[in-house]
1. Run the quick spin-label model on Ile43 and Asn152: label points 7 Å from Cα toward the beta carbon, then report their separation in nm to one decimal.
2. Expected output is a single nm value to one decimal: the length gained when fully extending between Phe164 and Leu6, i.e. 0.36 nm times separation in residues minus the C-alpha distance. What is it?
3. Simple spin-label model, 7 Å along Cα-to-Cβ: Asp138 to Leu17 in nm?
4. What's the long-distance tail for the range 2-57, i.e. % of Cα pairs beyond 19 Å?
5. Search the structure for amide H atoms under 5 Å from the amide H of Val144, placed 1.01 Å from N in the peptide plane, and list their residues when 5 or more places away or on another chain.
6. Which pairs in the list Lys131/Lys170; Lys49/Lys184; Lys150/Lys170; Lys49/Lys150 are over 22 Å apart, alpha-carbon to alpha-carbon?
Amino acid sequence: MFAWILILIPWLALLSLILHDATKEDSAGSAISIAARNFKALIGWTIPKARRLWAFSHRVPRKSASKPAVKIMAATAISSSSIRQGEPGAIKQAPASSPQNPPKKKWWRRDHRVPVAIPELELAISEAVRKAAPGCEDLVGVIVRHTPPKSNLDPNWAVHGVRFGKADRKMVNEALTGVVERMKKEFLLSDD
């Protein structure tokens, strides 16, 4: 490939010299000088557009009053580990971000997904599926596990199992598919 590039460069130089000599007597200038002016105009037009596009895509989103913040409410529930151990316990709710304590933003991260703990995510998915379709009200819950993402934008969690209870399995599976796809774009498992 490199050899072909080395062969092509002298041929292009030779053709541009021939074209320049053949058209240097024209009133608008030679074909090479016209092409250079057009190329300069194209670059002058493209750079401001690219800067505006870059600034628009890297703009920090502002908090607006019209868009409510996503909150996951943790109901009084018993985690699966405390059921196995026979200890009553409640899900620990993550500290809410406030104007005095905003979440730490990293400049290299463009991921706008909200970090949540596994029990909160399980509860949010279960509640969303229960409300999604009739016949899903008796769903007991879902089991979420951490999975290593294949890329930076992939989710770091997956539904490992479903506790159907007396709910209709077909309806729950259909509702669960849509809910999980939506929540994979909205939520990310937190590091703790």
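Just so it is clear, none of the values below were taken in a lab; they were calculated from the coordinates. These numbers were taken from a predicted model, which means no experiment stands behind them. Virtual Cβ from ideal backbone geometry, glycine too; neighbours counted across all protein chains shown.
1. 2.9 nm
2. Here the segment from Phe164 to Leu6 would lengthen by 50.2 nm.
3. The two pseudo-label positions are separated by 8.9 nm.
4. Looking at the range 2-57, the distances longer than 19 Å represent 54 percent of pairs.
5. His160
6. Lys49/Lys184; Lys150/Lys170; Lys49/Lys150
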